[in-house]
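Contents: one structure, followed by commentary.
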Amino acid sequence: MELWQAALIGLFAYLGRNQVPWLCGTTGGWYGIGRPLVAGLICGVILGDVTAGVLCGVAVQAIFIGQITPGGAVPSDLNLAAYIGIPLAIVAGGSSEMAVALAIPVGALGVALHNFTMTFNAIWPHRADKCAAAGDARGIRVANLCGQLIEFAERFFIVTLACYLGSGFAEGLFAALPQVVIDWLAIGGKMLPALGFAILLNQIVQEKWMIALFVLGWVLVSSFSLTTTSLVFIALAFALIYVMARYNGNGTQAASALEAAAIYEDEDGNYEER
Amino acid sequence: MTEQTHSGATGAKHEVHLSKRDVSTAAWRWAFFCLASQNYERMMGTPFCHSLSGSLEKLYEGDKEGLSRALQRNMTFFNTEPQLGAIIPGICLALEEEKANDPSFDDEIIQSTKNALMGPFAGIGDSILVGTINPILLSIGIGLSAGGNPLGPIVFLALWCGIVIPLKYFLFVKGYDLGADAVKLLTNVELKDKITTALTIVGLIVIGGVAATTISAPIAFTYTSGDMVINLQEILDKIMPNLVPLVIALVSYLLVSKKGWSANKLIVAILIFAAVMVVTGIM
C-alpha cells in the first residue's frame, strides 16, 4: 500500500467518525460513510479493487448490523474495524473472511480509543463555560469545533499508520497461516453474521411472535430467489395489512378508548401515560 | 405544558423576533455540529449552545449580561439521539425567543423542557431511526451488493442521507414553530405505535431475507458405503434450502435474548463451534 492510499483511507476514516461534523453531522459521517458497507466501497476504490472492497464491506457490515451507539457508548468501534480491517484484507489477497478476522479485534481495541477521546474532550466545555460567562458566543462555537482537533489526531494518524505499516504484516500473516486455520477462519467468517443479526433481532422484536416474520423473510428468499427490493414490497404489504387491521376497522373505537384511558392529563396540563 | 403568553413584552424596551434565516442557521448548525465536541462530562452540551448561539446574539444585541446568562443556561448537560432529537433545540429556541421578549418568563421552563424531552427522544431515535431504519436500508444495500456490485453501498448512502438530512432540518424548524405546543403533539401515542409497528414488520421480513443470503454454513460431510454416497448437504437442501444457517441464526438470537449473552461471548462461541466443525470435517 502506498502512503497516499493509507493517508486517504485515514482521511475517510476521520470523516466517518462518530462526532465529525463535515458530512452533515452524524448522518453522513458515522451512520453514512462510517458504515462498513460504505467503507468497503471507499477502500476498494482507493486500493483499485472495488469488487473485493464491496465484498469485504458486506461481510464486516453483516457482523455489526445490529449495533447502535446509545449515549455515545460504542460496544465495538465499527468505523476503526472497517477502515483498518477492510484495506488490510484487500492488500493481503482480498478475501472477506480475512476482513472479518481483522475487523473484530480492531473494533474491540477501538472502544478504548473512543473512551480516551470522549474523556479528553471534556476540556472544551470548560473553555466554552468561560466564553459563556464573558458573553462571547463566537468563542463557544470555536470551543465546540476544537473537539475536532483531538478527533482528527486520533483517527487520521492511527488509521493511516495502521494501514501503511500493517499491510506488510497482514500479507505475511495470511501467507504463513496453515491451511486448517484458513479453513477455520473461512467457516467462522461465514457463520459470524449470525451474531449481527441476533443482536439486531433482540433489539427490534417487540413481541415474541414477530420472530416468525424473520423466518418468513428467510424462507421467501431461500426458496424463491427474490431480490431484496421485491422483498421490501412484500414486507410493506404485510406491514400495511397488519397496521390497518390492528388500528383501524372494527377495533378503532375500542382501541382509541383504550388509548384515551392510557393518557391522563393532570391539573397542570402534563400528559402522563398510565 | 405551559400556556404560551404572547401578551408580555408590551412594556419591554425591545421586542426582537427571529427571522426564518436565523432559525435556518440554527437548524443547520445543529445538523452539522451536534456532536462536534461530545464528551463524557457534558455530552452534547456545548453543541446545543453552539446551535442557538447565533440567535441568542441577535435576541440580546447590546445586552452583554443578558447574552451571557442565556449562553450559560444553554451550556448544561444535554444528551439525546441528535437526528430525531433535533426538535428539542428547535423548541428551546422558541422558548428563548419568548424569554428574551418577556422578562417575567421563567427560565426554569426552558431547562425543564429540555431535560424532560432528551430521554424519550434518545429512546425513540435509537429504536426507530438508527436501530430500525438504518439496518433496513443497510440490508437493502447488502442485498444489492451481491457479487461485489458497488450499487449496494451507493443506494444505501443515497436513501439514508436523502431521508434523514431533510428530516432533521424539518424537525428543528417544526420544533421552533410549535414551541411549547410541540410537547403536547409528541405525546401522540397511537401514531408512534403505528410507525414503530409498521417499521418493525418491514424490518424483520427484509432482515430475514438478507440474513438468508449472508449467513451460510456449508456442510462438507459425505458418507460413503460401497457405491452409495450420502451427501448430507443435499439431503438437508431437500428438506428446505438454507436450513442449517437458519437454525444457527435462531439459536444465536435465543442465546442473546433469553440467556443475555454479550456480543463478545457469542463471537467466541461461534468461533469454537466453527473450529469443532472444521476439525471433525463436518464443514
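For chain A, state what percent of all Cα-Cα pairs lands in each successive 10 Å bin, counting from 0 Å until the bin that includes the largest distance.
6, 22, 25, 20, 16, 8, 2, 0
For every helix of n ≥ 4 consecutive DSSP H residues, a contribution of -39,500 (n - 2.57) applies; sum these over chain A, divide by its total residues, and give [θ] at 222 nm rounded to the nearest 500 deg cm²/dmol.
About -24500 deg cm²/dmol.
Assign one of three labels to the protein assembly as shown, namely rounded, prolate or oblate, based on the Cα gyration tensor with a ≥ b ≥ c the square roots of its eigenvalues; rounded applies when a/c is under 1.5, prolate when it is not and a/b is larger than b/c, and oblate otherwise.
Oblate.
Over 22 Å between C-alpha atoms is what I'm after, so list which of B:LYS192/B:LYS258; B:LYS58/B:LYS99; A:LYS208/B:LYS168; B:LYS20/B:LYS64; B:LYS192/B:LYS259 land there.
Check vs 22 Å cut-off fails for B:LYS192/B:LYS258; A:LYS208/B:LYS168; B:LYS20/B:LYS64; B:LYS192/B:LYS259.
In which sequence would B:ARG21, A:ARG155, B:ARG42 go, from the one with the fewest C-beta neighbours within 10 Å to the one with the most?
On the way: B:ARG21 9, A:ARG155 29, B:ARG42 24.
Result, fewest neighbours first: B:ARG21, B:ARG42, A:ARG155.
If we count every other residue with Cβ under 13 angstrom of A:ILE140's Cβ, Lys/Arg +1 and Asp/Glu -1, where does the sum land?
+4
Summing Lys, Arg as +1 and Asp, Glu as -1, what charge do residues with Cβ under 14 Å from the Cβ of A:LEU177 carry, A:LEU177 excluded?
-3
Based solely on its DSSP helices, what 222 nm [θ] is calculated for chain B when runs of n ≥ 4 H residues each add -39,500 (n - 2.57) and the sum is averaged over all residues, nearest 500 deg cm²/dmol?
Theoretical 222 nm ellipticity from helices: -21000 deg cm²/dmol.
Below 8 Å between Cα atoms, with a sequence gap of 6+, how large is the relative contact order for the range A:3-204 in percent?
Answer for the range A:3-204 is 26 percent.
Would you mind ranking B:VAL183, B:VAL16 by Cβ crowding within 10 Å, fewest neighbours first?
B:VAL16, B:VAL183
Using DSSP to call loops (not H, G, I, E or B), can you name the trypsin sites (Lys or Arg not before Pro) in the range B:197-259 whose Cβ has at most 15 other Cβ atoms within 10 angstrom?
Answer in residue order: B:LYS258, B:LYS259.
Using the Kyte-Doolittle scale, which helices in chain A average at least 0.0 and also have C-alpha atoms spread 30 Å or more along the helix axis, with helices defined as whole DSSP H runs? Numbers along the way, then the final one.
Numbers: long enough: A:96-120 (35 Å, 1.28); A:137-176 (58 Å, 0.92).
Counting only whole DSSP H runs, the qualifying helices are A:96-120, A:137-176.
Read-outs throughout are calculated quantities, based only on the coordinates presented, and are distinct from any laboratory measurement. No experiment lies behind these values; they were computed from the predicted model shown. Note that we place each Cβ from the backbone using ideal geometry, even for glycine, and neighbour counts take in every protein chain shown.
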